[in-house]
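The structure under discussion appears below in the form of structure tokens.
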Amino acid sequence: MITFDMHKIQNILPLLQDKLDMTHSISFKVLNPDICDCCYAGTIINVNGIDYLYRSYKAWTDMAELLHAKMLTPRKIDENFIEITFKKLKKDSFHDVEKTSDKYGIDSHFSRIHKMEEPSFYYYYHQALDNVKIENKNRILNLGINRGDEFEVIKNKLNTKKYDLIDFVGVDHSESAIAYANKQFPEQNVKLYTTDINLLDTLNLGKFDLLISIGTLQSSSIHFKPFLMYLVQHYLEKDAALILGFPNSRWVGGEMIYGAKAPNYQMNEMSLLLNDISFAKKYLQQKKYRVSITGKQYLFLTATKFLTNPHNVSKV
């Protein structure tokens, strides 16, 4: 078994990558991260006369993610050392599934993904709901609703009386996903439609005071920039808010891997992502929105209108 003592990341990463290229897993011995309560990665700790570079569990899980591997439960060797195993992720991913009419349907690979059970997704989405003051909204439109995960969080967040007063409208092109969502939301104040988002005008939905769309407006069939402007101009009330989610990750082998894969790049490349976010932020600011960008594996753009009543603005 390999033992890492004063090995630097510069040496460890290529070594583990080479091993994982040849086999499905690799185990190695490292300093027990519990040996120190407040050490940064790279802190030198001496054990029995030998120096070791300290790394936390987070550092090792981050490394596994970079190598497209899963870190298995570490085995404790003694008080000072543990054995870590990296297991190569299976390459199955909904991103590689041939595009069909029901690629995002309830029986698809995509349906195995539960974004709201990923802490870094749920946390920033919930934060965005707080930022737009979800409890004050009257009509909410979700484009790309699929099985309704975003609405479920809102339903659980609000008391029943307030939830029942809000009109929820969801649109998705997957018939099976909408059928599933209808069973999850039998309430009269929830209306779900199976429609291509490019044909939104055929539904005569009216205007809304909150737009939610997670990872949908970046679809290849949608021209993001003109479509976003059209939505703001024709589907949002004067004081409406927006929550837009931009994927900066891929779902592979049961894991949400940081970094979006751009066309014609072997590495993660963020130019297209940042271009869309930059455009949206600039456009919405021109429309007198306050815009914030948060998140990690998904970047959340949250936009709210500036207060128009000067008496409601607190002095700093």
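Since every read-out is calculated from the coordinates, none of them should be taken as a lab result. From a predicted model like this one, the values you see are computed outputs, not experimental measurements. Positions of Cβ are backbone-derived with ideal geometry, glycine not excepted, and every protein chain shown enters the neighbour counts.
For the chain, the convex hull spanned by the alpha carbon atoms encloses 184 Å³ per residue. For segment 210-307, the relative contact order is 30 percent, taking Cα pairs closer than 8 Å that sit 6 or more residues apart in sequence and dividing their mean separation by the residue count.
Rg ratio for segment 50-130: its Cα radius of gyration over 2.2 N^0.38 Å, N being its residue count, equals 1.55.
Note on the chain: with charges restricted to the Cβ of Lys and Arg (+1) and Asp and Glu (-1), its dipole about the Cα centre is near 840 debye. Distances between placed amide hydrogens fall under 5 Å for residue 241 paired with 210, 211, all partners being 5 or more residues away or on another chain.
Only helices enter this figure: runs of n ≥ 4 DSSP H residues, each worth -39500 (n - 2.57), summed and divided by the residues of the chain, yield -8500 deg cm²/dmol at 222 nm to the nearest 500. Coupling constants for segment 204-210 follow from the phi torsions by the Karplus curve (6.51 cos²θ - 1.76 cosθ + 1.60, θ = phi - 60°), and in residue order they are 6, 7, x, 10, 9, 9, 8 Hz; glycine and proline get x.
Amide H contacts of residue 287: none lie under 5 Å away among residues 5 or more positions distant or on a separate chain (H built 1.01 Å from N in the peptide plane; Pro and chain starts excluded). Beta bridges assigned by DSSP with both partners in the chain are antiparallel in approximately 60 percent of cases.
Footprinting exposure proxy ranking of 114, 173, fewest other C-beta atoms within 10 angstrom first, gives 114, 173.
Starting from the Kirkwood radius over alpha-carbon pairs of segment 87-216, derive D by Stokes-Einstein at 4 °C in a medium of 1.567 mPa s and give it in µm² s⁻¹.
Roughly 83 µm²/s, to the nearest whole number.
For segment 144-284, compute Rh as the Kirkwood radius over C-alpha pairs and then the Stokes-Einstein diffusion coefficient at 37 °C and 0.692 mPa s; write the answer in µm²/s, rounded to an integer. It comes out at roughly 196 µm²/s. Using the Karplus relation 6.51 cos²θ - 1.76 cosθ + 1.60 with θ = phi - 60°, the per-residue 3J(HN,Hα) values for segment 43-56 come to 5, 8, 10, 9, 10, 6, x, 10, 7, 9, 8, 7, 9, 7 Hz, with x marking Gly and Pro. Packing, as the average of other Cβ atoms within 10 Å across residues, places the peptides 284-294, 258-268 in the order 284-294, 258-268, highest first. For segment 2-88, the Stokes-Einstein estimate of translational diffusion at 20 °C and a viscosity of 1.002 mPa s comes to 163 µm²/s, using the Kirkwood hydrodynamic radius over alpha-carbon pairs.
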